[in-house]
Amino acid sequence: MIAAVLEDLDRLVVKDIPIPEIDDDSALLRVEATSVCGSDIRIFHHGNPRVTPPTILGHEASGTVVKVGKNVHRVKEGDRVALGADFPCGQCKWCRNGLLNNCTTNYAVGYQIPGAFAEYMKLPKLLLEGPVTPIADHLSFEEAALAEPLACAINGFELVNLSLGKSVVIVGLGPIGCMMIDLARIMGATKVIGAQRSKVRMEIARQYGADVYIDTSSEDLVARVMEETNGEGADVVITASASVEVHEQSIDMVAHRGYVNLFGGLPKGTRPMSVLSNTIHYKECFVTGSHGSTPRQHEMAVHLLEKGLVRVAPLMTHHFKLAEINQAFAAMESRRGMKMIVHHR
């Protein structure tokens, strides 16, 4: 089969390798579509303690099950499925309580096990016990691949107790930020404010119909948010942006008793976040982060996509063949669009 093999930092080689062999407890997936994630780019350049080259990256994926071991009952041949990233070690207290994105071992597709930038991938037993979700026939493989980042957005909103009547600020209108606009609506938000620096991404994000759009390249983010919330601040602030400055500003523009989710991870070498703890103290606000998702949230993401409640078609701006994986990575880094979809057929 053809696979994109990460041989070393900054070295991703498309080559022929053997199709994975399965055992009685695993299955074989014919990968149909994989989306490039920002974490793939970070691993490509900087590595990760959980990733040992040579290996295969890619975790936002979907495909068709083509072979199953005799002990496998979760899926069968011919099933169309989407994959989540995080799967359980099966032993720690987090996995036993369904919170496998907090797993002590932190198993993930494209990290400890070979990922989806290949024509076929093995679904081992532990992955089959996690986020492998059947998809309806009318949902395209490309759309289904984006269930994984949508599940992460669901996790982020659940942690800030989003509910009816709340105001929400989403800073960073990349793919997940745009999904969050739709998601905030269906979770009950009555005012959604989106903020973005890139004009290209802002134009795409306008299709999602937030109540207010703030161009952070020319407007004062905190001042505008306070103006739009009658000086109260927003009930929920989500930083879907890899900016420590935005993380700091989020505390200034959240309302009393509001919630901040430092959703976007920061690049290696970023300076520490600097916040006046008294601001948190007197606002009685809640500051959290979120990482990955659970199988329950992945199933929910698939159902939302199947119902058309969260739209992802506008986000799929670039398409590549698997042999063009290096071009896909370069396009992702250029921020010329939103999601880079890699097709395997």
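Points worth noting:
- Rounded to the nearest 5, the antiparallel percentage of DSSP beta bridges internal to the chain is 55%.
- The angle between the Cα long axis of helix 244-253 and the main principal axis of the chain comes to about 50°, on a 0 to 90 degree scale.
- Residues Glu299, Glu203 in ascending order of nearby Cβ atoms (within 10 Å, fewest first): Glu203, Glu299.
- Exposure proxy ranking, count of Cβ atoms within 10 Å, fewest first, for His59, His256: His256, His59
- Qualifying GluC sites (Glu not before Pro) for region 30-80 [loop in DSSP, other Cβ within 10 Å: at most 16]: Glu77
- 14 Å beta-carbon shell around Val66, net charge (K/R +1, D/E -1): +1
- The modelled label-to-label distance between Thr64 and Glu129, using points 7 Å beyond Cα along the C-beta direction, is 3.0 nm.
- Of the trypsin sites (Lys or Arg not before Pro) in region 212-292, the ones in a loop by DSSP (not H, G, I, E or B) with at most 15 other beta carbons within 10 Å are Lys268.
- For the chain, adding -39500 (n - 2.57) for each run of n ≥ 4 DSSP H residues and dividing by the number of residues yields -8000 deg cm²/dmol at 222 nm.
- The chain - percent relative contact order, Cα under 8 Å, separation 6 or more: 19 percent
- Counting every other Cβ atom within 10 Å of each residue's Cβ, His247, His281, His344 order from fewest to most as His281, His344, His247.
- Our note on the geometry: Cα centres of region 37-81 and region 285-343, 15 Å apart.
- Rounded to whole Å, the principal axis extents of the Cα atoms in the chain read 61, 40, 39, largest first.
- The angle between the Cα long axis of helix 147-159 and the main principal axis of the chain comes to about 40°, on a 0 to 90 degree scale.
- Geometric descriptor of region 152-289, per residue, is 99 Å³ (volume of the convex hull of the Cα atoms).
- Helix 295-307 axis, angle to the chain major axis (alpha carbon atoms, nearest 10°): 80 degrees
Readers should treat all values here as calculations from the given coordinates under stated rules, not as data from a laboratory. In this text the structure is predicted, and so the values were computed from the model without any measurement. As a convention, Cβ positions derive from the backbone with ideal geometry for all residues, glycine included, and neighbour counts pool all protein chains shown.
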